[in-house]
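Just below is one structure, and these are the notes that go with it.
The values are calculated or read from the model by the stated rules, or taken from the named source; none is laboratory data. Everything quoted here is computed from the prediction, not taken from an experiment. Cβ placement follows ideal geometry from the backbone for every residue including glycine, while neighbour counts extend to all protein chains displayed. For accessibility, only protein heavy atoms count, side chains too; no ligands or nucleic acids. Shrake-Rupley method; radii C 1.70, N 1.55, O 1.52, S 1.80 Å.
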Number of protein chains: 2
Amino acid sequence: MEVLPSNPRLAIIGAGAVGGYYGSRLAQVGLDVHFLLRSDLEAVRAHGLHIRSIKGDFHLPAPHIHATTTEIGPCDVVIIALKSTANAALPGLIRPLLHADTKLLTLQNGLGNEEFLADHFGPERVIGGLCYVCINRTAPGVIDHSAQGLVIIGDPQGPPQPATRALGSLLASAGVDCQVSDCLPRSRWLKLTWNIAFNGLAIAAGGVDTSIIMNDSWLRQQAAAIMEEVRQAAAACGHPLPTSLVDEYLATTAQIGPYRPSSLIDYMEGRDVEVDSIWAQPLQRARAAGAVLPRLEMLHALISSAVARRMADR
Amino acid sequence: MEVLPSNPRLAIIGAGAVGGYYGSRLAQVGLDVHFLLRSDLEAVRAHGLHIRSIKGDFHLPAPHIHATTTEIGPCDVVIIALKSTANAALPGLIRPLLHADTKLLTLQNGLGNEEFLADHFGPERVIGGLCYVCINRTAPGVIDHSAQGLVIIGDPQGPPQPATRALGSLLASAGVDCQVSDCLPRSRWLKLTWNIAFNGLAIAAGGVDTSIIMNDSWLRQQAAAIMEEVRQAAAACGHPLPTSLVDEYLATTAQIGPYRPSSLIDYMEGRDVEVDSIWAQPLQRARAAGAVLPRLEMLHALISSAVARRMADR
């Protein structure tokens, strides 16, 4: 099988904001979606999934929910939306979901997740994706979608395979704004340019939202300088990004108003932050490629320490 | 009068750790020392000043203490140990202490304090000083001196005047380890090299002491890289510092064990931090002199923001 079956069986691993939102979109149009839930299981069993969205609110009264992936069983597509800090749990979670042609779509942040899945389950199964979306899980089973929504998917190495294009069409059929990237690693670096700078400064500047960064001339200069360093890092890794990117991101960020990046929310609540995939992996790869990145080095060191302190304090 | 009278009248402005400790040393040997006190006035009136010191504990049962500088009146030497963030109060506080030849010794941190005093009271009065000492005010009237103790004094512009040498002798006569610097600005940059890096990282890495910085390989590398940038900043400002300085500071810092820089304590307790004199002024002067300082820029931006957030939270 090189493309998806016409009514594929889908599993969503990690039904926080990202998994809950995109999974619900797919379920809303009648697709066979199975959610793995933990802490929210009872709340969703009682009340279903509530999506409050700028594209229109909706409610799934009785989604297919499960406490284990063994209960879900083999699927055609597994969408992985766990935080990358929980990757150690993935091999055990995913194994019961596999048949010979199961595809794994990771919507996780940063670098290293496709490689992790490929190492465990073979590169032919793995599709990468990234989300440009502002969503928060505001209560068990309640997800708030406040801005954007684009998903970009692609193959970790090389141009998109037929199954990747088919998955893009499936997402589009569920009303998801989806693009298929010809070069997934380049798409990742484009998104990382913003995440490294703004998720990073939001934590390192003492816990601030994007509007505080944009309205503080020193922090805004640092945001620009860090994004410029990420451009250099991406170029060193073989993915030159447009020179206009930094100004474009500054302009967009000024427009979205006060936004708390997901890493900041994790940090403030004393939860694990994706330090490795968002900061360490990009830095390590770019340094290995010869880039000199004083701000990224410092940001990574500060965030690693701040996150460790915050978690120790709780 | 070009030198000090044989039994000079001394005022101590800011009887926190630094003012309390050095003022008590001077009073202990019988010098005529007058302390300006605010919040600690009643405690010191009741119990005196208690100094717990690695050089031997001592107690001043009835130091000369005052609630206003008008009550103190004219002195020969005013030792200023207020935080530089309170400089706006200094002109009013100092004026009642002046006679024609009163000298002003500032023991405040960083750059800009001598210039501030010179602008208000004339450069001929101003002597600068810096302390290499670990002291904390642990309770009202109780000061803990746990390491080092060296004071370096000098003239802001040019070699030391006779009055500066006389003040050095006075401090030495009270058992204070005191050196007179031939070049005070260079001495300030030498001390700033440590303070900018360690006070800065202690705050920006999430509130950590020096041993956490030294035991975290990423943070320790940043400490070294930041100190190296301060060396470049100092050189740009006309004060080349030895290449061995960074390694020497790393070795000393490893030896002193867990130490919380004063800026960190201020930060953790939601008090004003000397951001301007320790980070902004050095950065501004070195940039004006053409230095390129990505880490210092970022550290300054992060600390400014973190301090503002912390104070807003309290």
*Taking a label point 7 Å out from Cα toward Cβ, give me the nm distances from A:T68 to the same spot in the other copies, shortest first, one decimal.*
8.0
*So which residues in segment B:294-310 end up with at least 30 square angstrom less accessible surface once the other protein chains are there, compared with the chain by itself, probe 1.4 angstrom?*
B:P294, B:R295, B:E297, B:M298, B:H300, B:A301, B:L302, B:S305, B:R309
*By average Cβ neighbour count within 10 Å, what is the ranking of A:271-281, A:113-123 from highest down?*
A:271-281, A:113-123
*What gaps in nm, shortest first, separate B:E269 from its twins in the other copies when you place the label 7 Å past Cα toward the beta carbon?*
3.4
*Taking springs between alpha-carbon atoms closer than 10 angstrom, which of A:R38, A:R231, A:R220 fluctuates most in the Gaussian network model of chain A?*
A:R38
*With Rg and the Kirkwood Rh both taken from Cα atoms, where does Rg over Rh land for the protein assembly as shown?*
1.10
_Of all DSSP beta bridges in the protein assembly as shown, antiparallel share, percent nearest 5_ = 35
*When the scattering of segment A:31-120 is computed by the Debye formula from its Cα atoms alone, each counted once and equally, what is log10 I(q)/I(0) at q = 0.23 Å⁻¹?*
-1.24
*Going 7 Å from the Cα of A:N7 toward and past its Cβ, which residues in segment A:37-53 have a backbone nitrogen under 13 Å from where you end up?*
none
*Considering every pair of different Cα atoms, what Kirkwood radius, in Å, is found for segment A:82-161?*
14.0
*How large is the helix-only mean residue ellipticity at 222 nm for the protein assembly as shown, computed as the sum of -39500 (n - 2.57) over DSSP H runs with n ≥ 4, divided by its residue count, in deg cm²/dmol to the nearest 500?*
-14000 deg cm²/dmol
*Which translational diffusion coefficient, to the nearest whole µm²/s, is obtained for chain B from the Stokes-Einstein equation, given a Kirkwood hydrodynamic radius over C-alpha pairs, 25 °C and 0.890 mPa s?*
123
*Taking every DSSP beta bridge that has both residues in chain B, what percent is antiparallel when rounded to the nearest 5?*
35
*May I ask for the Rg/Rh ratio of segment A:186-313, computed from Cα atoms with Rh as the Kirkwood radius, given to two decimals?*
0.95
*aspartates and glutamates near A:K191 by alpha-carbon distance under 17 Å, same-chain residues fewer than 8 away left out - which ones?*
A:E114, A:D155, A:D177, A:D182, A:E228, A:E229, A:D247, A:E248, A:E274, A:D276
*Under the Karplus relation 6.51 cos²θ - 1.76 cosθ + 1.60, θ = phi - 60°, what is the ordered set of whole-Hz ³J(HN,Hα) values for segment A:64-73, x standing for Gly and Pro?*
6, 10, 9, 8, 9, 7, 4, 5, 5, x
*Total accessible area buried between chains A and B, 1.4 Å probe, in Å² to the nearest 100?*
2200
*How big is the charge dipole of segment B:46-110 about its Cα centre, in debye rounded to the nearest 20, if each Lys and Arg gets +1 on its Cβ and each Asp and Glu gets -1 on its Cβ?*
200
_Axis-nearest residue in chain A [Cβ, rotation onto B], distance in whole Å_ = A:P294, 2
*Mean-position separation - Cα centroids, segment B:139-153 and segment B:274-301, in angstrom*: 28
*If r is the Cβ-Cβ distance from A:R186 to B:D313 and R0 is 41 Å, what FRET efficiency results, to the nearest 0.05?*
0.55
*Place the label 7 angstrom along Cα→C-beta at B:A100 and in each other copy, then list the distances from the first to the rest in nm, shortest first.*
10.7
*Difference of contour (0.36 nm per residue) and Cα-Cα distance, A:A43 to A:E115*: 22.5 nm
*Rounded percent of accessible protein surface that carbon and sulfur make up, the protein assembly as shown, 1.4 Å probe*: 52
*Taking a label point 7 Å from the Cα of B:K55 along the Cα→Cβ vector, which residues of segment B:174-203 have an amide N closer than 11 Å to it?*
B:174-179
